[in-house]
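Each value in this text was obtained by applying a stated rule to the coordinates, not by laboratory testing. What you are looking at is a predicted structure, and each value in this text was computed from that prediction instead of being measured. Neighbour counts are summed over all protein chains in view; Cβ atoms, including those assigned to glycine, are modelled from backbone coordinates with ideal geometry.
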Ligand SMILES: Cc1cc2nc3c(=O)[nH]c(=O)nc-3n(C[C@H](O)[C@H](O)[C@H](O)COP(=O)(O)OP(=O)(O)OC[C@H]3O[C@@H](n4cnc5c(N)ncnc54)[C@H](O)[C@@H]3O)c2cc1C
């Protein structure tokens, strides 16, 4: 059996490793359009304790990645200069490049070397028994069959920066200036670097004049807006262009022997820190189904979707609710800092007040 995996992001690298391990007779070809070690963005966070979601299924990967992560147990909301700490909500983070390198090394050790700087659309898809679109939100492979795809961009704009300033914990800082309203999601993802995602609503973006600014001017503007937060450290860019987050959905996850995983299948807004985890869980679920159904690929793909879709839809609903909150954040900023933090923590509809009291007693008592 021959499998083509399009994309060497978290979904593609991890799936290739799992298929190689679980189905050693298969030939796995991974094709990545970019050069090795060239990726966008800075860090990614995972909710909860490090990589524990993988522990039961795959302790090797968990042990390989977890030591490279930064972890903390609280989050902080800064509004009108006041810092409100919400205790008991833990996250872990890792640089995206470091993470891909760890997954890539594990895959190479299992005997598969991805082919870099080659687009998957240059492959003859009909030669493969299985074609996996793990090529991200703008998937080209997805366009080769009718998956019932919709892509809806959110209204807010964001740019993904880094900075050498270390933040103790995942912090959401909200700032207002003469042009409008700004938010930064910032957290450390390595001993020496932090991630800094800068976001604003469309009206603020226009008033600030970002349309006419090049990358250096944009960066300087963001540094001025968050001067108190950065305390003199510079922002660093890495393909940090302005983007609107796309809500990707697909009516069907597979067509014949072609299947979507990771962001190609659906996106989950970055404010709940789950896109990478979902991508890896897709890989786990798909590799299990393939191992169970062996040569009957369409049956494996149908079983994969039947088992996984309900779980994914629940999380995506939470991500959508969180994204909706961010789309309205200038309105929420009318609240006083503590009420604002309360509104923030309730935004995905997953934490009711009783549960919050158990998780974050200091915050609730405060
Ligand atoms: C600002 C921002 C912050 C985020 N923060 C977090 C976070 O904190 N935590 C979290 O879990 N998730 C976060 N995410 C989401 C996370 O990045 C994605 O969910 C995750 O990367 C999905 O993995 P993937 O492998 O499906 O896709 P990607 O990571 O997008 O990988 C797809 C790969 O396919 C390659 N590719 C594309 N087209 C082709 C082609 N035609 N041929 C060959 N290769 C191709 C790309 O170059 C890329 O390497 C964030 C996203 C954004 C935008």
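Here is the figure for region 31-60: residues that are surrounded by fewer than 23 Cβ atoms within 10 Å (Cβ to Cβ), free of Cβ contacts under 8 Å to residues at least 60 places away in the same chain and within 15 Å of the ligand (Cβ to nearest atom) total 5.
Which of the residues spanning region 1-30 are assigned to a strand (DSSP E or B) and either more than 6 Å from the ligand (Cβ to nearest atom) or surrounded by fewer than 23 Cβ atoms within 10 Å (Cβ to Cβ) (or both)? First the steps, then the outcome.
Within region 1-30, the subset assigned to a strand (DSSP E or B) is 2-6, 27-30.
Passing the criteria: 2, 3, 4, 5, 27, 28, 29, 30.
There is no residue in region 226-234 that is within 12 Å of the ligand (Cβ to nearest atom), outside any helix (DSSP H, G or I) and either in contact (Cβ under 8 Å) with a residue 60 or more places away in the chain or surrounded by 15 or more Cβ atoms within 10 Å (Cβ to Cβ) (or both). When only residues in region 235-277 that are away from the ligand (no atom under 14 Å from the Cβ) and assigned to a loop (DSSP other than H, G, I, E, B) count, which is surrounded by the most Cβ atoms within 10 Å (Cβ to Cβ)? The residue in question is 257. Consider residue 282 carefully, then state whether it is farther than 30 Å from residue 77 by Cα, surrounded by fewer than 19 Cβ atoms within 10 Å (Cβ to Cβ) and either more than 16 Å from the ligand (Cβ to nearest atom) or in contact (Cβ under 8 Å) with a residue 60 or more places away in the chain (or both). Criteria not met by residue 282. For the structure I just gave you, tell me whether residue 102 is surrounded by fewer than 20 Cβ atoms within 10 Å (Cβ to Cβ), free of Cβ contacts under 8 Å to residues at least 60 places away in the same chain and either part of a helix (DSSP H, G or I) or more than 17 Å from the chain's Cα centre (by Cα) (or both). Yes. In the set (1) within 25 Å of residue 237 (Cα to Cα); (2) surrounded by fewer than 21 Cβ atoms within 10 Å (Cβ to Cβ); (3) within 13 Å of the ligand (Cβ to nearest atom), the condition left unmet by residue 68 is number (3).
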